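The values are calculated or read from the model by the stated rules, or taken from the named source; none is laboratory data. Keep in mind that what you see is a predicted model, and the values were worked out from it rather than measured. Cβ sites come from the backbone with ideal geometry, for glycine too, and all protein chains shown count toward neighbours.
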Amino acid sequence: MFNIFELPLSYTITFIVMAFILGSVIGSFLNVVILRTPLKQSIVVNRSHCMTCGNQLKNIDLIPIFSYIFLGGKCRFCKSKISPRYWIVELTTAVMYTISICTLGVSIELLYAIVLIPVLIVASGIDIDHMQIPYTCSAIIAVLGIISIFTDGRPWHEHLLGAVVVGVPFAIFAMVGAMGGGDLHLMAAAGLLLGWRIIPAAAIGIVLGAIGGGITLLSVPKKLKAETKDAVEKIAVEWYENQKENGFTVAEGKSDVLFGNIFKGKCDISVECIDEKLWSGKPDVDALNEHINELAAKDFAISIVIEGDQIKSVNCKKQIVFGPYLSVGIAAGYLFGQQIIDWYLGLM
């Protein structure tokens, strides 16, 4: 490793500018990955196009960061607004690459950061859009962690302990519904890469998530939550009555719980929620989802408790996306985790 700030000023500036440009270009590609991957579309074959009018974008429209500014945030052809997130992703990647080379210098750790940062940004973007973190993202970070065991000079057991230390509590969070499975896999993989640095990373992510989640929950009008709950309960009751008419009921004295999410107006209660040993047959879960979809409600987690021949209770709570907060924590832990640990130990 060598510190770029130990070089002549012109060389230092050159490295910083190159890192910024590289980050902005990669950030532009990340926008394509975030948008197309969940839709199972190719990220390399089709040229970028306006999502409103369908016109293919010209090269001058694809200059990272600056094209958005020059176009005033609007499509050149149809003048529809372009999401500012494209510009934000490009700028974020560029800034993070710049911070990385300034912090890590030219080193093996910088190579890991060049891969880690895009993966975290993709995971965050897809989590925001679809409430899920692709397992591919966690797998890539885990592979980086395995490779780092042989290259970063840290004891191998430190990497494994990092994964365990964060994996166990996050597994508990996932079991009680406070976190999703994607959050668990992301943090466990990051623990394998960061080792003990995962502790400040997790702390930063949890604190940011608590603040952001708290703001999200407080922003939901109580009336909206109550109305959504009542509407879902009415639909669930009518649906269950229909299922009973078709001979599908929960056994007397038994209860079953259906879990699902209402995200962007679509409900995803899975047939896998059904404990077939408790039912007299297989109910039509798709019909329940279709009726809840008609509510056009957004971003609620729901649970429907069925006991015997009646709907016992229905619960609705606002969903919180934790992936972006955890990703910020992981990036901070990777870049500054050791300094944070040393500072904390110094206080003691």
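Residues checked against (1) assigned to a helix (DSSP H, G or I); (2) touching a residue at least 60 places away in the same chain (Cβ under 8 Å); (3) more than 20 Å from residue 134 (Cα to Cα); (4) among the β-branched types (Val, Ile, Thr):
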residue: 20; (1), (2), (3), (4): yes, yes, yes, no
residue: 25; (1), (2), (3), (4): yes, no, yes, yes
residue: 44; (1), (2), (3), (4): no, no, no, yes
residue: 95; (1), (2), (3), (4): yes, yes, yes, yes
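Out of all the residues in segment 269-280, is one or more under 28 Å from residue 326 (Cα atoms), crowded, with 17+ Cβ neighbours inside 10 Å and without any contact (Cβ under 8 Å) to a residue 60 or more places away in the chain?
yes
Before we move on, is residue 287 hydrophobic (A, V, I, L, M, F, W, C), part of a helix (DSSP H, G or I) and assigned by TED's automatic domain parsing to the domain that holds residue 247?
yes
Of these, 165, 122, 115, which one is in a helix (DSSP H, G or I), closer than 30 Å to residue 300 by Cα and either in the same structural domain as residue 39 (by TED's automatic domain parsing) or among the aliphatic types (A, V, I, L, M) (or both)?
122
Quick one: which residue in 257, 328, 321, 314 is closer than 30 Å to residue 115 by Cα, outside any helix (DSSP H, G or I) and not small (Gly, Ala, Ser)?
321 is the lone residue from the list that is closer than 30 Å to residue 115 by Cα, outside any helix (DSSP H, G or I) and not small (Gly, Ala, Ser).
Does residue 342 satisfy the criteria of being surrounded by 18 or more Cβ atoms within 10 Å (Cβ to Cβ), more than 22 Å from the chain's Cα centre (by Cα) and not in a loop (DSSP other than H, G, I, E, B)?
So residue 342 does not fit the description; no.
Would you confirm, using the coordinates I've provided, whether residue 190 is touching a residue at least 12 places away in the same chain (Cβ under 8 Å), assigned to a helix (DSSP H, G or I) and not assigned by TED's automatic domain parsing to the domain that holds residue 266?
Considered against the rule, which asks whether it is touching a residue at least 12 places away in the same chain (Cβ under 8 Å), assigned to a helix (DSSP H, G or I) and not assigned by TED's automatic domain parsing to the domain that holds residue 266, residue 190 comes out as yes.
Of the residues that sit in segment 130-160 and are within 30 Å of residue 299 (Cα to Cα) and out of contact with any helix residue (DSSP H, G or I) (no Cβ under 8 Å at 6 or more places or on another chain), which one is surrounded by the most Cβ atoms within 10 Å (Cβ to Cβ)?
131
Within segment 26-47, track down each residue that is of a type in the set (S, T, N, Q) and surrounded by fewer than 13 Cβ atoms within 10 Å (Cβ to Cβ).
41, 42, 46, listed by residue number.
Do we have residue 234 as farther than 30 Å from residue 183 by Cβ and either modelled with pLDDT under 90 or among the charged types (D, E, K, R) (or both) here?
The answer is yes for residue 234.
Is segment 278-287 home to any residue that is within 24 Å of residue 179 (Cα to Cα) and among the acidic types (Asp, Glu)?
Scanning segment 278-287 turns up no residue that is within 24 Å of residue 179 (Cα to Cα) and among the acidic types (Asp, Glu).
I'm checking my understanding of the structure. Among residues of segment 228-254 that are in a helix (DSSP H, G or I) and of a type in the set (Phe, Trp, Tyr), which one is nearest to residue 128 (Cα to Cα)?
That would be 239.
For segment 245-268, which positions are farther than 17 Å from residue 305 by Cβ and either at pLDDT 90 or above or surrounded by fewer than 18 Cβ atoms within 10 Å (Cβ to Cβ) (or both)?
245, 246, 247, 264, 265, 266, 268
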